[in-house]
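The values are calculated or read from the model by the stated rules, or taken from the named source; none is laboratory data. Bear in mind that the values here come from a model prediction, so they are computed numbers and not experimental data. Every residue, glycine as well, gets a Cβ built from its backbone with ideal geometry; the counts of neighbours run over all protein chains shown.
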Amino acid sequence: MISVNKQKGFTLIELLMVISIIALLSSFVLTALNDSKIKGADAAKIRALQEIRTALQLYSTDKGYYPGSTFLTSELVPKYISFINLTGIFYRPINSFGTVCAASTNCVSYHLGTVLQLGNNVNKVLNNDKDSSNIFQGKSTDCGAVASTDANERCYDIEP
């Protein structure tokens, strides 16, 4: 009687197929996680703008005007807001002529903005912001008055 020795196990091709399927699935998961991370960071920036807007409204109610750009942190902290992180936040106080004001007592309005990261898709929240063309430009990369060559809107701009 001749015995046939059959070994049980996976072939090299089968193992390579399983590894390639796992790699493909993990790339989809990592892409989705990266987009979620970007959206979370953008949501945190928008929440910070809304907190600063509330502090500016309280300041304006007390003083009758908005602070000048050089006094934003010192005027609002700690009475109107406990902490302000101005990294990536752009504040432009506006006078009654619609231009950026220098003296605090002349500031009757403001524009407050931040640059969003966008991720793979255009952020839909950018469809509902102000985009004042003479103060903030929606398609700028630094919320400045000059548009960039990028076709995507990046600057989220709010007013009082």
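General remarks:
- Filter result for residue 149 (in a loop (DSSP other than H, G, I, E, B) and modelled with pLDDT of 75 or more): no
- Matching residues in segment 32-41 - criterion: being in contact (Cβ under 8 Å) with a residue 60 or more places away in the chain and either touching a helix residue (DSSP H, G or I) at 6+ places or on another chain (Cβ under 8 Å) or not charged (D, E, K, R) (or both): 34, 38, 41
- The residues on offer are 23, 43, 32, and the sole one that is surrounded by 13 or more Cβ atoms within 10 Å (Cβ to Cβ) and part of a helix (DSSP H, G or I) is 43.
- Residue within segment 78-88 that is surrounded by 13 or more Cβ atoms within 10 Å (Cβ to Cβ), of a type in the set (A, V, I, L, M, F, W, C) and modelled with pLDDT of 85 or more present: yes
- Scanning segment 48-81 for residues that are outside any helix (DSSP H, G or I) and more than 21 Å from the chain's Cα centre (by Cα) yields 64, 65, 66, 67, 68, 77, 78, 79, 80.
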